[in-house]
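Asks: Got a structure for you, written out below as structure tokens; questions coming shortly.
The values are calculated or read from the model by the stated rules, or taken from the named source; none is laboratory data. Since this is a predicted model, take the numbers as computed values, not measurements. When we count neighbours, we look across all protein chains shown, and the Cβ atoms used for this are built from the backbone with ideal geometry, even at glycine. Please note that ligands, DNA and RNA were not included when accessible areas were found on the heavy atoms of the full protein model with its side chains. Shrake-Rupley method; radii C 1.70, N 1.55, O 1.52, S 1.80 Å.
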Amino acid sequence: MELRAPKGTVDMLPETARAWERLSAAAQALFERYGYEPIYTPLFEHTELFARGIGEATDIVSKEMYTFEDRSGRSLTLRPEGTAGVVRAAVEHALVPHGAVAKLYYAGPMFRYERPQKGRMRQFWQIGVELLGAGEPSADAEVIALLVRYFEMLGLPRDRMRLLVNSMGDEACRPAYRDSVAAYIRAHEAALCDECRRRADTNPLRAFDCKNEGCQRVMAEAPRISEALCDDCRAHYEAVKQHLDALGIAYEEEPRLVRGLDYYTRTVFEVQAEGLGAQNAIGGGGRYDGLFSTLGGPATPGLGFALGFERTLLALKAAGIEPGAGEGVAAYIAAVDESVREAAFSLAMALRDAGVAAELDHRGRSLKAQFKHADKLGARVAVVVGPDELAAGEATVRDMVTKDERRVALADVPAHVAALIG
Ligand code: AMP
């Protein structure tokens, strides 16, 4: 059998791996400015956490989980998303005492057994935040603003993004709304796919997400949550929108935005971008005021978002941004012959110790081959060490851009090169 990465997974080769590291570092820098702290939770959890937290009737739990029994017969599942694990940890370690707020962020791989396509993987990488303990609408606006700001910080132009918002109601108004959508589905059964017909009994709101065009046409006329919100949910939603207006954050209201996890209450949102094909959501999230108690904790409001690395990268590339581009080596140390190789090696080490990215040849190649290598690595500066220079305690420093050359005392080479590369 040919050994390849499993279907739906990819190796992150250096350019992509570098992009991941830069996007994670950018997230860390920005999120910490908003008061978020890092958290790492296990890549696998008890299956029951997701079944209870995300909901048995969701696509994720019913069809997409990587569930296995460990050697002691426990049912474990590779995490399909980050929120359930973070909230489980917050309950387990009492991270949100009554009246307190905790702000946490995470970055790492998630696993869903989905049909792989562009922007849809079985192992994919997410960066996310959870704001726990604040039920106020300004918290929703802050989390939404943070997601938009993050994409802006990466250089994604605002006009290539759409921010969609909606309210899904809460336990007071959503049950009746779900029933009305279920009744609507049953009344239009003939025009819907088998799956949507089944959804009337299991998870009617998911019919809004069906990719089938016929279903989309029918669901476009379905009852809207905006007309079914209770007074509290309506007031909350209006206040979230007012905060977004005050912050100057443009959004579109999308009454059919329901998102695929059962735990959402009230505000949900999604950022869509161009250049991704069928999968146009690069990030999204919402409020989940019932999740703490579902997972056995004290009633605690919370909300968060998760953004997908692979789709964000596609959106950035479509906008002409290459976050994984290499920077090239700063200095290449070329040895004229074997007699000076040790001195060249020492010089490379001295440059690296001085904080300069330096490379040299270990394979005894000709000077010409070394210069070719320096070009390939994109070296800004070449430092040539030859027997004559060495006898004088010097090396030749060549600026590869201006082609300017000068002899520099060996001890001064690191400072000289550092000044050249700025
Ligand atoms: P979700 O947890 O489903 O709300 O997804 C949040 C974000 O994760 C989405 O907006 C996508 O960018 C990304 N995402 C979700 N599922 C996948 C997947 N199977 N492959 C790649 N990215 C995904």
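Asks: So which cysteines in the chain don't have a second cysteine's C-beta under 4.7 Å from them?
Replies: CYS193, CYS196, CYS233, each lacking another Cys Cβ under 4.7 Å.
Asks: Determine ³J(HN,Hα), in whole Hz, for all residues of segment 140-155 in sequence, where each value follows from phi through the Karplus function 6.51 cos²θ - 1.76 cosθ + 1.60 and θ = phi - 60°; x replaces Gly and Pro.
Replies: With coefficients 6.51, -1.76 and 1.60, one gets 4, 5, 5, 5, 5, 4, 5, 4, 5, 4, 4, 5, 5, 4, 6, x Hz.
Asks: Give me the compactness ratio for the chain, meaning the Cα radius of gyration over 2.2 N^0.38 Å.
Replies: The reported ratio for this selection is 1.26.
Asks: Roughly how much of LYS211 is accessible, in Å² to the nearest 10, using a 1.4 Å probe?
Replies: 140
Asks: Further, regarding this structure: Cα centroid distance between segment 138-209 and segment 1-37, in Å?
Replies: What the calculation gives is 27 Å, centre to centre.
Asks: May I pose another question? Whose amide H sits under 5 Å from the amide H of TRP125, counting only residues 5 or more places off or on another chain, with H placed in the peptide plane?
Replies: Answer set, sorted by chain and number: MET110, PHE309, GLU310.
Asks: Counting only DSSP beta bridges with both residues in segment 331-421, what percent are antiparallel, rounded to the nearest 5?
Replies: 55
Asks: I'd like to know which of GLY277, GLY320, ALA391 lies farthest towards the positive end of the charge dipole of the chain, counting +1 on Cβ of Lys and Arg and -1 on Cβ of Asp and Glu.
Replies: GLY277
Asks: Considering only protein heavy atoms, with the full assembly of protein chains and a 1.4 angstrom probe, order HIS98, HIS243 by accessible area, largest first.
Replies: The residues order as HIS98, HIS243, largest area first.
Asks: Separate question: By average Cβ neighbour count within 10 Å, what is the ranking of 325-332, 120-127, 281-288 from highest down?
Replies: Ranking the peptides 325-332, 120-127, 281-288 by packing returns 281-288, 120-127, 325-332.
Asks: So what's the gap between the Cα centers of segment 351-422 and segment 215-230, to the nearest angstrom?
Replies: 68
Asks: Right, something else. I'd like to compare 378-391, 9-22, 261-274: which one has the highest average count of other Cβ atoms within 10 Å, and what's the full order after that?
Replies: Working: 378-391: 19.3, 9-22: 14.2, 261-274: 23.4.
Most protected by this proxy first, the peptides run 261-274, 378-391, 9-22.
Asks: For segment 144-244, what are the per-bin percents of Cα-Cα distances with bins 5 Å wide, up to the bin holding the maximum?
Replies: The calculated distribution, bin by bin, is 2, 12, 19, 15, 14, 15, 13, 8, 2, 0.
Asks: Among the listed pairs LYS317/LYS376; LYS63/LYS118; LYS317/LYS403; LYS7/LYS372, give every one whose C-alpha distance is greater than 28 Å.
Replies: LYS317/LYS403; LYS7/LYS372
Asks: Expected output is a single nm value to one decimal: the length gained when fully extending between LEU13 and ASP232, i.e. 0.36 nm times separation in residues minus the C-alpha distance. What is it?
Replies: Length difference between fully extended and current span is 73.9 nm.
Asks: Also, I was wondering about something else. Using only the alpha-carbon atoms of segment 331-421 as identical scatterers, what base-10 log of I(q)/I(0) does the Debye formula give at q = 0.13, 0.16, 0.17 Å⁻¹?
Replies: Evaluating at q = 0.13, 0.16, 0.17 Å⁻¹ gives log10 I(q)/I(0) of -0.34, -0.53, -0.60.
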